[in-house]
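Undergrad: I have a structure here, written as C-alpha cells, and I will follow up with some questions on it.
The values are calculated or read from the model by the stated rules, or taken from the named source; none is laboratory data. Worth saying up front: this structure is predicted, and the values here are computed from it rather than measured. Here the Cβ positions follow ideal geometry from the backbone for every residue, glycine too, while neighbour counts run over all protein chains shown.
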C-alpha cells in the first residue's frame, strides 16, 4: 500500500473514530457525573453508585452485543449499497435489543434491594443504592436502544450525529444530577436516588432523538416492522448467529467485572470505593480510544461486504497501529491522574485515596493490552465473523487465569487490593496474546467470506 493510500485510510479511520471516541467519553460521563456528584455525600454514596453500575453493566453488555452485531451486518449491507437490507437489519436489531432490555430490567427493579444485600453490600450501602439502582435499571432498555441506533449511524459512516446527541444528553444529565441530588429551589434534595432519576430522564431524551433522527435523516433508510417473513427471519437468524457468541462473551466479561467487584467488596468498603474510583477514571481513558473498535466495524465491514479482503487487512493494520500508539500515550496520562485523585474525590477518606492511587498505577501499566483487546474482540474479529473464538478466549483468559489469580493474590498473600488489580492485568495480557496469534491467520475473516459467493470475493 502506497504512502498516499495509507494516509487516506488513516484519515478515514480517524474521521469515524474520533467522533465515536468523543461520544464514548461523554457516554461514560453519565456514570462519572453520578460518581462525582454523589461523592459530595461521602464514601458510602460512591460505593452505592459503583455497586449498582457493576450489577447493571452485565445486562447492558448482554444486549449491547446486538448493537455490534447489527452494526457489522449493516456495514456489510451498506458496502453492497443494499439499503433495504440496511433498514431491515436496523429494525430487527433495535427490536430484539429493546425487548431483551425490558425483560432483564423488570426483575431487577422488582427485587433490587434483596439482590444488592445478597451481594454482600453493607446495609447502609444497600439502602443508598436501592433508589438509584431502580431508576438506573429502568433506563436500561433506553440505553440499549440508543447503543444499537448509534451503531447503525456509524455503519453508515456517520459518527457525528450520535456524538452531538450524546453530548447534549450528558449536559442535561449533569445539570439534573446536581439539582436532584443536592436540591435546588423548589426541587427537593433526593440524594443518591436523584442521580438515578436524572439518568433516566436524560437517557429517555437521548433515545427518542436518536431514533427519530435515524429514520428521518438517512436517505434510503426506513422503518421495517419486524413481523415474521422470509426476509425478516433470515436477517434475525444471521444476527443471532453472529451476536450470540458475542452476547455470551460480553456477559461473561461483565460477570467477571461483577465478581471482581465482589472481591473488592469482601476486602472492605474502602477497597470497594477505591476500585470504583479507579474504574471510573480508567474508563475515561479507555473510551478515549474506544472509537477504534466501531471504526473498524464500519470501515472493515464495508470492505468485507464488497469482498475486498486486501483492503480490509489494510484498514485493520492501520487501526491496530493507531490503537497501540494512542494507548501508550493515554496510559501514561492515566498514571499521572493518580496524583490528583484527592482533588477529584476530596471527601472519601485517606485510606480510599491511598488504595485508589495504587490501583491507578497498576491499571495504567496494562492499559495498552486492554485497548488492543477491545479493538480485536469488538472490532476486527467480530467484523470477520470470528465471534466464537472471541468467546473462547474471553472464557479461558478471565475464568482460568485472571479471576483465580486475583482471588489468590487478594486473600492468600499480603497484596490485598493490589493483588486483585494484578489478576485483572494478567487477564488482559493473556487475551492479547491469543487474539494476536489468531489475527495472523485467515481464520479471523473467513466466516464473513463464507456468506458470499466465491466469485464475489477478492483475496488479492
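Undergrad: Inside segment 413-446, can you point out the residues that are in a helix (DSSP H, G or I), without any contact (Cβ under 8 Å) to a residue 24 or more places away in the chain and more than 15 Å from residue 402 (Cβ to Cβ)?
TA: Within segment 413-446, 437 is the sole residue that qualifies.
Undergrad: Scan segment 147-167 and tell me whether some residue there is without any contact (Cβ under 8 Å) to a residue 60 or more places away in the chain, part of a helix (DSSP H, G or I), crowded, with 19+ Cβ neighbours inside 10 Å and within 16 Å of the chain's Cα centre (by Cα). Let's see the steps before the verdict.
TA: To start, the set of residues in segment 147-167 that are without any contact (Cβ under 8 Å) to a residue 60 or more places away in the chain comprises 161, 164-165.
Add one more test, that the residue is part of a helix (DSSP H, G or I), and what stays is 161, 164-165.
Next cut, crowded, with 19+ Cβ neighbours inside 10 Å only: 161, 165.
From what's left, within 16 Å of the chain's Cα centre (by Cα): none.
Looking for residues that are without any contact (Cβ under 8 Å) to a residue 60 or more places away in the chain, part of a helix (DSSP H, G or I), crowded, with 19+ Cβ neighbours inside 10 Å and within 16 Å of the chain's Cα centre (by Cα), one finds none in segment 147-167, hence no.
Undergrad: Residue 419 - would you say it is modelled with pLDDT of 90 or more and either in contact with a strand residue (DSSP E or B) (Cβ under 7 Å, 6 or more places away or on another chain) or within 20 Å of residue 258 (Cβ to Cβ) (or both)?
TA: It is true that residue 419 is modelled with pLDDT of 90 or more and either in contact with a strand residue (DSSP E or B) (Cβ under 7 Å, 6 or more places away or on another chain) or within 20 Å of residue 258 (Cβ to Cβ) (or both).
Undergrad: Return yes or no: is residue 384 without any contact (Cβ under 8 Å) to a residue 40 or more places away in the chain, more than 17 Å from residue 283 (Cα to Cα) and crowded, with 21+ Cβ neighbours inside 10 Å?
TA: Judged against the criteria, residue 384 is not a match.
Undergrad: Residues of segment 97-126 being assigned to a loop (DSSP other than H, G, I, E, B) and surrounded by fewer than 20 Cβ atoms within 10 Å (Cβ to Cβ), which ones?
TA: Scanning segment 97-126 gives 111, 119, 120, 122.
Undergrad: Quick test for you: out of 94, 76, pick the one residue that is part of a helix (DSSP H, G or I), more than 27 Å from residue 138 (Cα to Cα) and touching a residue at least 60 places away in the same chain (Cβ under 8 Å).
TA: Working: 94 fails: more than 27 Å from residue 138 (Cα to Cα).
The conditions single out 76.
Undergrad: For segment 216-235, name all the residues that are surrounded by 17 or more Cβ atoms within 10 Å (Cβ to Cβ) and under 23 Å from residue 168 (Cβ atoms).
TA: 218, 221
Undergrad: When you check residue 395 against the structure, is it over 26 Å from residue 16 (Cβ atoms), surrounded by fewer than 19 Cβ atoms within 10 Å (Cβ to Cβ) and more than 21 Å from the chain's Cα centre (by Cα), yes or no?
TA: Details: over 26 Å from residue 16 (Cβ atoms): yes; surrounded by fewer than 19 Cβ atoms within 10 Å (Cβ to Cβ): yes; more than 21 Å from the chain's Cα centre (by Cα): no.
It is false that residue 395 is over 26 Å from residue 16 (Cβ atoms), surrounded by fewer than 19 Cβ atoms within 10 Å (Cβ to Cβ) and more than 21 Å from the chain's Cα centre (by Cα).
Undergrad: Turning to a different aspect of this structure: For segment 1-36, give me the residue count where each residue is closer than 19 Å to residue 190 by Cβ and modelled with pLDDT of 70 or more. Steps first, answer last, please.
TA: Taking segment 1-36 as the starting set, the residues that turn out to be closer than 19 Å to residue 190 by Cβ are 30-31, 33-36.
Filter once more, so that each one left must be modelled with pLDDT of 70 or more: 36.
Count: 1.
Undergrad: Which of (1) in contact with a helix residue (DSSP H, G or I) (Cβ under 7 Å, 6 or more places away or on another chain); (2) free of Cβ contacts under 8 Å to residues at least 24 places away in the same chain; (3) closer than 30 Å to residue 302 by Cβ is the odd one out, the single condition residue 170 does not satisfy?
TA: (2)
Undergrad: From the list 168, 121, 126, pick out the single residue that is over 15 Å from residue 212 (Cα atoms) and modelled with pLDDT of 90 or more.
TA: Numbers: 121 fails: modelled with pLDDT of 90 or more; 126 fails: modelled with pLDDT of 90 or more.
Only one candidate qualifies: 168.
Undergrad: A follow-up question, please. Among the residues of segment 209-229, write down those that are at pLDDT below 85 and not in a loop (DSSP other than H, G, I, E, B).
TA: Within segment 209-229, just 217 meets the criteria.
Undergrad: Would you confirm, using the coordinates I've provided, whether residue 227 is without any contact (Cβ under 8 Å) to a residue 12 or more places away in the chain and more than 24 Å from the chain's Cα centre (by Cα)?
TA: Considered against the rule, which asks whether it is without any contact (Cβ under 8 Å) to a residue 12 or more places away in the chain and more than 24 Å from the chain's Cα centre (by Cα), residue 227 comes out as yes.
Each row is one residue, and each column tells you yes or no for (1) surrounded by 23 or more Cβ atoms within 10 Å (Cβ to Cβ); (2) modelled with pLDDT under 85; (3) touching a strand residue (DSSP E or B) at 6+ places or on another chain (Cβ under 9 Å); (4) not in a helix (DSSP H, G or I).
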residue	(1), (2), (3), (4)
244	no, no, no, no
250	yes, yes, no, no
271	yes, no, no, no
274	yes, no, no, no
278	yes, no, no, no
283	no, yes, no, no
293	yes, yes, no, no
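Undergrad: Right, another one. Given the criteria over 15 Å from residue 323 (Cβ atoms) and modelled with pLDDT of 90 or more, does residue 372 qualify?
TA: no
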